[in-house]
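Structure first, commentary second.
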Amino acid sequence: MTDETPETGGEASRDVPPDHLSVHPASPHFDAEVLQRGVGIRFKDRVRTDIEEYSISEGWVRVQAGKTVDRKGNPLTIKLTGPVEAWFEDLGEDPPVARKDR
């Protein structure tokens, strides 16, 4: 018997980002280890660097709405819908891409 627990997703699942990810530490979808690797996002066939949160399966991203902030100082965001693709930037050229099957 070993002390190691088998990973459910295996090696391939560690090479694609999660389905839902947020950059805000208060969010339940925040994952610092994943964000440190660097996640690239393509939304509507355009690479975006201003994404606050995304969901691949639901097909939406949240982006900051200008410089507007709420009363607690957090940026106000808007939800945009469309095809979302994500990949880890630390894997170099032609990394595995997480996308919703059409």
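Which value, to two decimals, describes the C-alpha radius of gyration of the chain once divided by 2.2 N^0.38 Å?
1.20
When ligands, DNA and RNA are left out and all protein chains stay put, how many square angstrom of accessible area per residue does segment 50-93 have with a 1.4 Å probe? Working shown, then result.
Values: 2650 Å² over 44 residues.
I get 60 Å² per residue for segment 50-93.
At a 1.4 Å probe radius, which order do GLU93, GLU85 fall into by accessible area, largest first?
GLU93, GLU85
Which order do you get for GLU89, GLU33 if you rank them by accessible area with a 1.4 Å probe, largest at the top?
Descending accessible area places them as GLU33, GLU89.
Defining a contact as two alpha carbons under 8 Å apart and six or more residues distant in sequence, what relative contact order in percent does the chain show?
Computed over the chain, the figure is 28 percent.
For the chain, what does -39500 (n - 2.57) per DSSP helix run (n ≥ 4), summed and divided by total residues, give at 222 nm, in deg cm²/dmol to the nearest 500?
-2000 deg cm²/dmol
Within straight cross-link reach of LYS67, meaning Cα distance under 27 Å, which lysines are found once same-chain residues fewer than 8 apart are removed?
The reachable lysines, counting only those whose Cα sits under 27 Å from LYS67, are LYS44, LYS79.
Expressed as a whole percentage, what fraction of the accessible surface of the chain belongs to carbon and sulfur atoms when a 1.4 Å probe is rolled over the protein heavy atoms? If you can, show how the numbers build up before the last one.
Working: 3530 of 7330 Å².
About 48 percent, which is the carbon plus sulfur part of the accessible surface.
The values are calculated or read from the model by the stated rules, or taken from the named source; none is laboratory data. Here the structure is a predicted model, which means the values were calculated and not measured. Protein only, heavy atoms only, side chains kept; ligands, DNA and RNA dropped before computing areas. Shrake-Rupley method; radii C 1.70, N 1.55, O 1.52, S 1.80 Å.
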